[in-house]
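First comes the structure, then the notes that go with it.
The values are calculated or read from the model by the stated rules, or taken from the named source; none is laboratory data. Note that the structure is a prediction, hence the values are computed from the model and not measured. Please note: Cβ atoms are built from the backbone with ideal geometry, for glycine as well, and neighbour counts cover all protein chains shown. Note: accessible area is taken over every heavy atom of the protein model, side chains too, but ligands, DNA and RNA are not part of it. Shrake-Rupley method; radii C 1.70, N 1.55, O 1.52, S 1.80 Å.
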Amino acid sequence: MSRIRVLDDALVTLIAAGEVIENPASVVKELIENSLDAGATHIDVNIRGGGIDSIVVSDNGSGILKEDVPICVLRHSTSKISKRADLDAIMTYGFRGEALATMTAVADVKITTRHRSEEIGSQLVARIGADVSVTPSNRSTGTRVEVTDLFSRVPARRKHLGSERVEGQRVHEVMIKHAIVRNDVGFRLIRDGEVILDCPEGQSARERVALLWGSDVAKNLVEVRYREDQIQITGFIVRPPVSRGNRGREYFSVLKRPIEDQRLSKAVESAYSTLLMSGRFPICSLDISPPISHVDANVHPAKREVRIQNIDELVSTVRRAVKLALELETPPEVTDTLDAFVDEETVPYRYDRQPFETTERYEDTLIEQQSFGQIDSTADILHLEEIGGVFRVIGQIMEVYLLLEFDEALVVIDQHAAHERVLYEILRKQVNEGKTAVQELLEPIVLHLDTSDVERILELADVLEDIGYSVSSFGGNEILVSSLPEILGKRANEDELISLVDRILDIGEDVTEKFMDDLLRVTACHSAIRAGQTLSNSEIRKLLLELSKTPNRYNCAHGRPTILRIDREELDRRFGRTGVAYFKRYKARHGIKDDLDL
Ligand code: ADP
Ligand code: MG
């Protein structure tokens, strides 16, 4: 008996569905593309339960002819191409005639539509396992597609979906990707009854990115308009140091088709080169128009990628375009740029404060202390029982390191790392005991953010509340911050909070224990004394006292060391104060007979 069989159509469709429809976001992507192909100028997306429960996409496009309605859900049914040659120059977003067919294989689908040339519309209902029904229906020109209970009968797929929040966020991202390149079209996203994205139709490209990225980023937009040979590059980049902690705001499209391509990301990043600190990524939205015959859109099942002829050339063109735009825009004073990058990791090297005391005095104090065990209360001597010893505070150098002498060793402490650990442990204890110290702000602070960031922060509101942040919507792109963890109190200003928001959003998507922990770390990091901050000796003492009582004090909350110990032996060795020759010289100098054969 033969073991190889040709699979039936339903099964083939189900298999293909795995590639085209991965999650609610891919449903929304396909439906938006259909609406755009139908010439819609406004697209409404309404999702419930992250799109898993239901997705409704309505448009004011051409609508579907009555006679085409039963056909549109069949596999390989498309109005967009008809012959081989059409595949070589695809102008539409869709072309395979698979999307609706695969949706009906993995969800219940209802399509209500009226073609612009017809008086009466139709409604198609395709429930899994039942026959497709088509009935007449009333509606204005355009199409409404409703997809419910995605993957309810494909448990293996459903299992791979993220939380409602994560899936909803993916839908949001997909919409932004389209909205950013199709500024001519209106897009609205309603999630569980709440409008979370509302882009009016007919916006200029600049208005659209400003709306999506928020007014602070919008102030720093740099327009890109570049043409080289047959390639045209248009869009916006953002002036450094405004940047992100990940690639989430790098948008690319080829002939207005949103795509993802690491090579393009790298090209833009290399054009920014040293203008951004390592670990920071540019914000950009660039549309690339090579000749259409150089583009093959038919390479990725979900159309996330396209194949482009001479991609290497294109990538370097993108780099040149961005570099040129930056050169024309960025002020040439290097010092300005440097200052802008100063944060806890990079500190300009200055060496003019709190100089070392001389070695003589160092020895004096040491001898005094050792021989008489006296501690002068005015001297910088510190008893730290927990670490078991007596410290002498030498002072702060380079506005970041604290120097101490302890037990025949030089101790160097990174002030930021040390304070971060102290605060992290305090905060962790507070959270564990459910007693977070909160500072209410007398004047709440309003933050202007990207729309999608606003949304994510508001989703995190409950979690943030647990550690003392209270955030609420202030309408549009704004959120209101009315309280903070107490340890952050002194840093309550807009700039600081914006960069904190950025770091919180960089932590990740899912609220897990790790998320909470990272949130504590980030909060501690932002609250801690920075590099570049001058500390008085009494502040140093205070920090050391706190550190000495802190668990895990040898590393900061991010794992970098807080304390470095350089033993006397190490110093002696490096100064040549050890070894046979040293002792010979020492004895000769002090008239000691060299009777031992050292
Ligand atoms: P494709 O987009 O690859 O052609 P789809 O399965 O997505 O395949 O859609 C099948 C056909 O249904 C399309 O070719 C189009 O004719 C019609 N169609 C789907 N959605 C819409 C819509 N929103 N407005 C008008 N026609 C649509
Ligand atoms: Mg399609």
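Structure summary
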quantity: Computed accessible area, residue 219, all protein chains, 1.4 angstrom probe, square angstrom; calculated: 140
quantity: Relative contact order, percent, segment 9-198 [alpha-carbon distance under 8 Å, six or more residues apart]; calculated: 29
quantity: Prolate/oblate/rounded label for segment 380-574 (Cα gyration tensor, a/c 1.5); calculated: prolate
quantity: Stokes-Einstein diffusion coefficient of segment 213-280, Kirkwood radius over Cα pairs, 20 °C, 1.002 mPa s, in µm²/s; calculated: 163
quantity: Among 204, 63, 279 - extreme Cα towards positive end, dipole of the chain, charges at beta-carbon; calculated: 63
quantity: Segment 236-246 - phi-based ³J(HN,Hα) in whole Hz, Karplus 6.51/-1.76/1.60, Gly and Pro as x; calculated: 9, 10, 10, 4, x, x, 4, 7, 10, x, 8
quantity: Label-point gap, in nm, between residue 184 and residue 207 - each point 7 angstrom along Cα→Cβ; calculated: 1.5
quantity: Mean ellipticity per residue at 222 nm, deg cm²/dmol - from DSSP H runs of n ≥ 4 across the chain, formula -39500 (n - 2.57); calculated: -11000 deg cm²/dmol
quantity: Square roots of 5 times each gyration tensor eigenvalue, C-alpha, segment 431-482, largest first, Å; calculated: 22, 14, 6
quantity: Peptides ranked, highest mean first, by Cβ atoms within 10 Å: ranges 292-302, 404-414, 51-61; calculated: 51-61, 404-414, 292-302
quantity: About the Cα centre, charge dipole magnitude for the chain (Lys/Arg +1, Asp/Glu -1 at Cβ), debye; calculated: 1760
quantity: Debye log10 I(q)/I(0) at q = 0.06, 0.07, 0.09 Å⁻¹ for the chain, Cα point scatterers; calculated: -0.46, -0.59, -0.84
quantity: Computed FRET value (nearest 0.05) for residue 590 with residue 398, which takes r as the C-beta separation and R₀ as 51 Å; calculated: 0.85
quantity: Burial ranking of peptide ranges 161-174, 81-94 (average Cβ count within 10 Å, highest at the top); calculated: 161-174, 81-94
quantity: Nearest-ten-degree value, helix 359-372 long axis tilted from longest Cα axis of the chain; calculated: 70
quantity: Cα gyration tensor category, rounded, prolate or oblate, for segment 4-97 with a/c compared to 1.5; calculated: oblate
quantity: Sites residue 312 and residue 256 - FRET efficiency at Förster radius 25 Å, r taken between beta-carbons, to 0.05; calculated: 0.65
quantity: Solvent-accessible area, 1.4 Å probe, carbon plus sulfur percent, for the chain; calculated: 51
quantity: Angle in degrees between helix 164-181 and the longest Cα principal axis of the chain, rounded to the nearest 10; calculated: 70
quantity: FRET efficiency estimate (nearest 0.05) - Cβ-Cβ, residue 513 to residue 300, R0 30 angstrom; calculated: 0.25
quantity: The chain - percent relative contact order, Cα under 8 Å, separation 6 or more; calculated: 10
quantity: In nm, spacing of pseudo-spin labels at residue 228 and residue 570 (7 Å Cα→C-beta vector); calculated: 4.9
quantity: Where N is the number of residues in segment 523-598, Cα Rg divided by 2.2 N^0.38 Å; calculated: 1.88
quantity: Percent of Cα-Cα distances greater than 21 Å, calculated over segment 205-329; calculated: 35
quantity: Packing-based ranking, highest mean first, of 578-588, 545-555 given that Cβ atoms within 10 Å are counted; calculated: 545-555, 578-588
quantity: Accessible surface, per residue, of segment 111-188 when the full set of protein chains is kept, probe 1.4 Å, Å²; calculated: 48
quantity: Cross-link partners of residue 549 among lysines (Cα-Cα below 18 Å; sequence separation of 8 or more within a chain); calculated: 429
quantity: Angle between the chain longest axis and helix 9-20 axis [Cα atoms, degrees, rounded to 10]; calculated: 40
quantity: Gyration tensor (alpha-carbon) shape descriptor, segment 9-198, a/c threshold 1.5; calculated: rounded
quantity: Restraint check, 83/177; 177/323; 159/256; 266/490; 490/514, Cα-Cα greater than 28 Å; calculated: 83/177; 159/256; 266/490
quantity: Rule-of-thumb Rg ratio for segment 132-181 [Cα; 2.2 N^0.38 Å; N residues]; calculated: 1.60
quantity: Inter-probe distance in nm under a simple model that places probes 7 Å from Cα toward Cβ, at residue 499 and residue 4; calculated: 6.3
